[in-house]
Amino acid sequence: MLSRIPKARGTWTCLSCRTTAPPPLARAYRGNISKPSQPNDADESPQEPPPPSAPKATPNIKGIRANPTYHAQNCLNRNYPNLAGAPHRIVALYDEWAALQTALRTERARHNNLSGRLRAAAPMKSVQEGDFVVMETKEALIVEAKELKAKILEVEAHEERLDKEMRELALQLPNSTHPDTPVGNDPKVIGYIQENLLPAPPETLVSSPTPPPGNSKNHVQIGTELALLDFSSAAVTSGWGWYYLTNEAVLLEQALINHALTLALSHGFKLVTPPSIIYSHIASACGFRPRDQNGEQQIYALQQPASHQGKKPEHCLAGTAEIPLAAMYANKVFTEDELPLKMVGVSRSYRAEAGARGVESKGLYRVHEFTKVEMFAFTHPDPEPAAPSESIDPTSTTTTTSSSTATEKSPSQSETIFQEMLSLQKTLLTSLNLPARILSMPTTDLGASASCKIDIEAYMPSRHPTATGPWGEVSSLSNCLDYQSRRLNTRLKVNTGEGGKTKMEFPYTLNGTAVAIPRVLMAILENGWCEKRGGVVVPEVLRKWMPGVEVIRKKH
């Protein structure tokens, strides 16, 4: 997720690096929500103080140092070219830091010795100075101790600066990439759902000016004709990208929520209603921050009163329940028997969604505010994670690692939960009679936090003229490994099996869409439209939450 938020009336602050830049003109009134600008290079500015509860991040600097070449290429593969030099810079910073540590050992030992003797009022000693033997004096020891202390403090301040730069660079790097993720810009089709309901073989359903026969209306026409959607009133009330749901569309929204929750509950998910207003540093910790190369996937920030700017932490609107669900266990420690922990949350989600207002984003497809049911899980980290291979071919179509041949091992806990979430997503779309395709998303589409990502795109006849053809994303599923838990200080106490000894590890996090209301509603309207019956056939599985409504017809 990409984000840029207003810090003060004259500056904009990046959620990732906390740097600022001048914004375009924006209204300034109490409670104003300002749309972020495109990310760009900016000068540093004083930061607001984090609250005491802010989690302390623990980036995997050791892992980056062990294989800087992999991480540099990973930045290029994932379209973070400005960060490609960071891994080797981290190695150089660490080497300099380690050299300072070694160089100070003698001075620290001498200072500790002098401090101990002065505190204990130890008797003075005779020392050799050239050809002479002289007696130490307390005054001379005090002077020497002060000089050593000043030198040590100066070097420690430099060490602190090096450590700070290492941490900041490491926290900006994207997650490691799963070996099966396609490298580049093109996703890979790995399966279909309800393929038999498609009007033609899926490989023939490509971009074209008109949809196949039988799909004469798009969801905007259907929704307007059946008095389900009102975009014109919303444009007056809120602007482009907002909408009113009316009449049976309201029932459909609630039915979809209840259906998704019931299905998740049957799979052992814990029900949560999370907050939609979150700290900006929490959003950043979850990987929701701007990229260098474009301004997509932005989030909204709440403008602070002038008296709070630079003094109190900033808030923003959550783009997905994934963020507050992950943060629910910030600064917490799990025991082994508490994982996996599976949660499902219902929330309003807010997306700035910059982009052209054409057929690609028509109607409900790209909106600024919507209801979403989100799945989230914490799992044990995978056992014995292997270091990525040093030999990386930038033109390779897979992100090969040294562990890619270990195919005979039983699935890890995170892999099992990943497949369970995918199965739930497929079950839900199947129950709604929506044909769809399943995609393994490429490296350039992973964002910062995901190691691998699967998208499911439903068949949407009105999207035939788009570049991708008649398919529209309705859900996604990601494994973020320990990217989020390291930044949220969420840990797992693990028994080492050595005489009751324990160690701390970072759990993996996974997130997946159960149902995003507007796009699923769009798919239901277009796939459920029946010309003969003069309306939209309601999926049978939703009818128990819509008493007496089997077909939504035009009002008289």
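The values are calculated or read from the model by the stated rules, or taken from the named source; none is laboratory data. Values in this document were obtained by computation on a predicted structure and should not be read as measured data. Here the Cβ is made from the backbone with ideal geometry for all residues, glycine too, and neighbour counts use every protein chain on show. Surface accessibility is based on the protein's heavy atoms, side chains included, excluding ligands, DNA and RNA. Shrake-Rupley method; radii C 1.70, N 1.55, O 1.52, S 1.80 Å.
Among 219-229, 177-187, the peptide with the highest mean count of other Cβ atoms within 10 Å heads the list, and the full ranking is 219-229, 177-187.
Leaving out ligands and nucleic acids, and using a 1.4 Å probe, what accessible area per residue does the range 454-556 come to in Å²? Kindly include the intermediate steps, with their values, before the conclusion.
Details: 3830 Å² over 103 residues.
Heavy-atom accessible area per residue stands at 37 Å².
With N the number of residues in the range 140-218, Rg(Cα) / (2.2 N^0.38 Å) evaluates to 2.72.
Grab the Cα-Cα distance for ALA200 and ASN495, subtract it from 0.36 nm times how many residues apart they are, and report the gain in nm with one decimal. Write out the running numbers ahead of the final one.
Details: separation 295, 0.36 × 295 = 106.20 nm, distance 5.50 nm.
Once the chain is fully extended between ALA200 and ASN495, it gains 100.7 nm.
With each label modelled as a point 7 angstrom along the Cα→C-beta vector, the ARG161-GLN221 pair spans 6.6 nm.
Go through LYS453, LYS332 and list them by solvent-accessible area, largest first, probe radius 1.4 Å. Could the numbers behind the result be given before it?
Working: LYS453 30, LYS332 95 Å².
In descending accessible area the options line up as LYS332, LYS453.
On a 1.4 Å probe surface of the protein chains, which of THR102, THR273 comes out largest in accessible area, and what is the full order?
On the way: THR102 75, THR273 120 Å².
If we order THR102, THR273 from most to least accessible, we get THR273, THR102.
Label positions at ARG119 and ALA98, each projected 7 Å from the Cα along the C-beta direction, are separated by 3.1 nm. Out of the total accessible area of the range 435-519 (probe 1.4 Å, heavy atoms of protein only), what percent is carbon and sulfur? The C+S portion of the solvent-accessible surface of the range 435-519 is 42 percent.
What is the calculated FRET efficiency for ALA66 to ALA467, with r their C-beta to C-beta distance and R₀ = 30 Å, to the nearest 0.05? List each step's numbers first, then the result.
On the way: r = 40 Å, r/R0 = 1.34.
Plugging the Cβ-Cβ distance into 1/(1 + (r/R0)^6) gives 0.15.
Annotation: TYR350 carries an accessible surface of approximately 40 Å², with a 1.4 Å probe and no ligand, DNA or RNA atoms counted. Heavy-atom accessible area for ARG351, with the other protein chains in place and a 1.4 Å probe, reaches approximately 40 Å².
So, by mean Cβ neighbours within 10 angstrom, what's the order for 425-435, 540-550 with the highest one leading?
On the way: 425-435: 20.0, 540-550: 13.2.
Packing proxy ranking, top to bottom: 425-435, 540-550.
Available extension along the chain between THR502 and ALA109 is 138.3 nm, counting 0.36 nm per residue and deducting the alpha carbon span. Principal semi-axes of the equivalent ellipsoid, √(5λ) from the alpha carbon gyration tensor of the range 202-283, are 30, 22, 17 Å from largest down.
Here the dipole of the range 408-468 is about 160 debye; that uses its Cα centre as origin and unit charges on the Cβ of Lys and Arg (positive) and Asp and Glu (negative). Expressed as a whole percent, the proportion of Cα-Cα pairs in the range 431-534 lying more than 23 Å apart is 48%. Using heavy atoms of the protein chains and a probe of 1.4 Å, the accessible area assigned to LYS503 is about 100 Å².
For VAL551, the residues 5 or more places off, or on other chains, whose built amide H falls under 5 Å of its own are VAL538. Here LYS188 is the anchor, and the lysines within straight C-alpha reach of less than 27 Å, apart from those fewer than 8 places off in the same chain, are LYS362, LYS372, LYS409, LYS426, LYS453.
In debye, nearest 20: dipole of the range 468-547 around its Cα centre with unit charges on the Cβ of K, R (+) and D, E (-)?
Numbers: 11 positive and 7 negative charges, 65 e Å.
Its charge dipole is roughly 320 debye.
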